[in-house]
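Worksheet: one structure, shown below.
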Amino acid sequence: MPDAIDISILVALMVIVMLIGLKGYKISKSMNGYFLAGRGLGSWVLAFSIMATYFSAASFLGGGGATYLFNLGFGSWLTAWHVIGVVLMWVLVAKKLFNYASKTNIMSVPDFIEHRYQSKNAKMVSAIVIILLFTLYLTSIYKGGAIIIATMLNTSFEIGLILLAVPVLVYVSIGGLKAAALNNLLLGSLMLLASFLAFGYIMAAVGGPLKGLETLQRMTIMGKIPGSLWLRFDGMGPPPAMKVGMVPFLIMSITFSISVAQIALPNLLMQFYAAKNVKVISRGRIIGPIAVTIYALLVFSLGAYCHVILDPQLSNSEIAFLMKNTDWVIPRTIIGLAPSGLRGLILAAPVAASMSTLAVTLLVLSAALTRDVIQSVKPKVDERKLLILARIAPIVFAVISLALTLIQTDIIVEIVGAAFGTIFVCFLGPVTIGLYWKGATKAGAITSMISGLIVGLFWYIFLYKVTWIYPVIPALAVSLPLFFIVSFFTKKPPKEVLEVLG
């Protein structure tokens, strides 16, 4: 039966985020106010908003539960690469991109690409890539939060989806980035609190990290798999990858691709435009990496310890189910360990993570459609009409992605799986490297985005489960050399544009 206290925590969260949305309305009455919060975000709000946007429900459910299947090397490298990725983003990208945005008044990542490469075609390609891949990516964000809501309320998955989407659409449509960022400060704080609580309950249940590992090492999972395999980097992983000896390569390619993606994701980078001043970036360089590091350290290796807690209570078929569906591992463990109230607080974390990622991603999609496509095609369109479209666009994209979530055909599942990493591949060269390398050209940028898109999707659909190399690696191996080679042989942007780079 659903617990009244747990339900009240979830309902309170949904009501609070909608009320915060009203606070953002006053400043969201222009395109600049709606998409960039009037360029007035402070350091704590910006740092937590970027962290909460990046960590979707998958970070708590999939990231935490992954080591129920993978060996602990997965959690270790996922943590290490996250720390490297967040430091690189704040140190190398944040200030440079903020300064560029301040000088040029750009409002989106496609805006940056148009100004940097003096090309409307490059802008249009980047906008189309964002619309395609982020719409698909939304379906994976919905799933984690909706599963938790449906479980806590003892209702259907479809109702869980609606209850997750509606509060986000209310506060995003009303308050824009200001509302999303303020909510992300709250939601990110909840995620950190929940990570401390989940870590504490699980470690207490196994007798601490070292004792838990000793117990795991002595176990035999499902009566046939030595627990010691979870303590070897070349040990436990998906059976097909184990069979061909590709577990270490699979772990390294997945963890690198997911974590370092921070330096090139448009839904993170666009938020740097909204900083109040350069001091905000400087303080954010401390707050952001610390928050991400704490969360990663607490969450990313919990799944392996759950064997010690769950397996004695489960049948072999139930263990096998959880190893195939690792998103359920942490919720099932917490339901058995935490008391009413605290349990609801912990389980609200993946819902919070889903909301925070949905909100900013919907804003990025809205900007891509209204400012980067519609305004490019019809430059004289009235700003008031554009702002109305900007408020409606998140609802349209939410409905499309909700429909895709419910359809879930094999090909949609495959493309959704490839979407996140492919976004990173498409924008690493044109945006992140383009901030520093003045030799980058529009032809190089367009070639890099198109080749990254094609190779990333093709590899995931047809070759990933044959080679067990995550598609980001081959996609980067094609798109980055093409970015440099094509740029080397094509015309450079005007000198006055390159001077903006500093």
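Data overview
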{"read-out": "Filter result for the condition that a residue is open to solvent by 10 Å² or more (accessible area, probe 1.4 Å) and outside any helix (DSSP H, G or I), over 245, 237", "value": "245"}
{"read-out": "Test set (1) free of Cβ contacts under 8 Å to residues at least 12 places away in the same chain; (2) part of a helix (DSSP H, G or I) - residue 381 fails condition number", "value": "(2)"}
{"read-out": "Meets criteria (over 24 Å from residue 69 (Cβ atoms), of a type in the set (Gly, Ala, Ser) and either at pLDDT 95 or above or out of contact with any Gly (no Cβ under 9 Å at 6 or more places or on another chain) (or both)) for residue 315", "value": "no"}
{"read-out": "Flag for residue 25 being under 17 Å from the mean Cα position of the chain (by Cα) and either open to solvent by 10 Å² or more (accessible area, probe 1.4 Å) or on the phi > 0 side of the Ramachandran plot (or both)", "value": "no"}
{"read-out": "Output for the range 453-474, where each listed residue is part of a helix (DSSP H, G or I) and under 19 Å from the mean Cα position of the chain (by Cα)", "value": "453, 456, 457, 460, 472, 473"}
{"read-out": "Residue list for the range 116-139, restricted to those being farther than 16 Å from residue 425 by Cα and surrounded by fewer than 22 Cβ atoms within 10 Å (Cβ to Cβ)", "value": "118, 119, 120, 121, 124, 135"}
{"read-out": "Unique match (being in a helix (DSSP H, G or I), farther than 30 Å from residue 313 by Cβ, open to solvent by 10 Å² or more (accessible area, probe 1.4 Å) and of a type in the set (Gly, Ala, Ser)) among 173, 228, 257", "value": "173"}
{"read-out": "Subset of the range 434-460 [open to solvent by 30 Å² or more (accessible area, probe 1.4 Å) and among the β-branched types (Val, Ile, Thr)]", "value": "446, 447, 450, 454, 455"}
{"read-out": "Residue among 488, 427, 484, 397 that is surrounded by fewer than 14 Cβ atoms within 10 Å (Cβ to Cβ), touching a helix residue (DSSP H, G or I) at 6+ places or on another chain (Cβ under 9 Å), in contact (Cβ under 8 Å) with a residue 12 or more places away in the chain and more than 30 Å from residue 244 (Cβ to Cβ)", "value": "488"}
{"read-out": "Lone unmet requirement of (1) over 20 Å from residue 273 (Cα atoms); (2) in contact with a helix residue (DSSP H, G or I) (Cβ under 7 Å, 6 or more places away or on another chain); (3) surrounded by fewer than 24 Cβ atoms within 10 Å (Cβ to Cβ); (4) hydrophobic (A, V, I, L, M, F, W, C) for residue 387", "value": "(1)"}
{"read-out": "Lone qualifier among 443, 475 - being at pLDDT 95 or above and over 21 Å from residue 250 (Cβ atoms)", "value": "443"}
{"read-out": "Boolean, residue 439 is of a type outside the set (A, V, I, L, M, F, W, C) and in a helix (DSSP H, G or I)", "value": "no"}
{"read-out": "The one condition in (1) farther than 22 Å from residue 127 by Cα; (2) open to solvent by less than 10 Å² (accessible area, probe 1.4 Å) that residue 359 fails to fulfil", "value": "(1)"}
{"read-out": "Residue 146 being small (Gly, Ala, Ser) and farther than 26 Å from residue 22 by Cβ", "value": "no"}
{"read-out": "Selection status of residue 151, under 16 Å from residue 334 (Cβ atoms), surrounded by fewer than 24 Cβ atoms within 10 Å (Cβ to Cβ), at pLDDT below 95 and not acidic (Asp, Glu)", "value": "yes"}
{"read-out": "Test result for residue 376, part of a helix (DSSP H, G or I), in contact with a Phe, Trp or Tyr (Cβ under 9 Å, 6 or more places away or on another chain) and not hydrophobic (A, V, I, L, M, F, W, C)", "value": "no"}
{"read-out": "Helices (runs of 4 or more DSSP H) contained in the range 1-78 and holding at least 1 residues modelled with pLDDT of 90 or more", "value": "4-25, 31-36, 43-54, 62-65"}
{"read-out": "Among the residues listed as 11, 17, the single one being surrounded by 18 or more Cβ atoms within 10 Å (Cβ to Cβ) and either touching a residue at least 24 places away in the same chain (Cβ under 8 Å) or closer than 20 Å to residue 348 by Cβ (or both)", "value": "17"}
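Each row is one residue, and each column tells you yes or no for (1) touching a Lys or Arg at 6+ places or on another chain (Cβ under 7 Å); (2) touching a residue at least 12 places away in the same chain (Cβ under 8 Å); (3) surrounded by fewer than 22 Cβ atoms within 10 Å (Cβ to Cβ); (4) more than 19 Å from residue 53 (Cα to Cα).
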site	(1), (2), (3), (4)
141	no, yes, no, no
146	no, yes, no, no
198	no, yes, no, yes
219	no, yes, yes, yes
224	no, no, yes, yes
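The values are calculated or read from the model by the stated rules, or taken from the named source; none is laboratory data. All of these numbers come straight from a predicted model, not from anything done at the bench. Here Cβ is always computed from backbone atoms with ideal geometry, including for glycine, and neighbour counts include all displayed protein chains. What goes into the accessible areas is simple: the full protein's heavy atoms, side chains included, and nothing from ligands, DNA or RNA. Shrake-Rupley method; radii C 1.70, N 1.55, O 1.52, S 1.80 Å.
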